[in-house]
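> Structure provided below as structure tokens; questions to follow.
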Amino acid sequence: MGDKTFYYKLKQIDYNSDFEYSDVRSATFKAIPGEISIDIYPNPANDKFNITLSSDISEYFRLSIYDHNGKLVKEGKIRNNSTFSVIELAQGNYEVLIRNREGVIKRDKLVIAR
């Protein structure tokens, strides 16, 4: 995984409700050497989601999914380019934690929408 570029534009709304958009701008975030990069997609998910880890990582990671009450609802092992099924989970908002031997390396929100 390398640098990530995001594109955005701003909407300015005047007091009289007139509005206009700015030009599209970009922001590039440089990768930090030695940092583990993790992407979870699609989000919102339907019945499964994908996880992509830094390409040079060969170890397994523990993935835990918690509901809005903080209850552990699903757990498993993942590696680079994994697909994780959530078909048995209800629609809603969840928290995903990915851990290695040293502790939590990624905390993210996951929405399941059907």
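The values are calculated or read from the model by the stated rules, or taken from the named source; none is laboratory data. Computed from a predicted model, the values in this text were never measured in an experiment. All Cβ positions, even for glycine, are placed from backbone atoms using ideal geometry, and neighbour counts span all protein chains on display.
> Name the residues in region 34-69 that are assigned to a loop (DSSP other than H, G, I, E, B), among the β-branched types (V, I, T) and in contact (Cβ under 8 Å) with a residue 40 or more places away in the chain, would you?
I36
> If I filter region 70-104 down to residues being small (G, A, S) and assigned to a loop (DSSP other than H, G, I, E, B), which single residue comes out as surrounded by the most Cβ atoms within 10 Å (Cβ to Cβ)?
The residue in question is A90.
> So the check is Cβ under 8 Å with 6+ separation or different chains; which pairs have a first residue in region 73-101 that's farther than 15 Å from L53 by Cα and at pLDDT 95 or above and a second one that's in a strand (DSSP E or B) and acidic (D, E)?
Pairs found: E95/D108.
> What's the number of the condition Y41 fails, among (1) surrounded by 12 or more Cβ atoms within 10 Å (Cβ to Cβ); (2) among the hydroxyl-bearing types (S, T, Y); (3) under 16 Å from V111 (Cβ atoms)?
(1)
> Okay, next question. Of all residues in region 48-69, how many are among the aromatic types (F, W, Y), surrounded by 15 or more Cβ atoms within 10 Å (Cβ to Cβ) and in contact with a Lys or Arg (Cβ under 7 Å, 6 or more places away or on another chain)?
Number of matching residues: 1.
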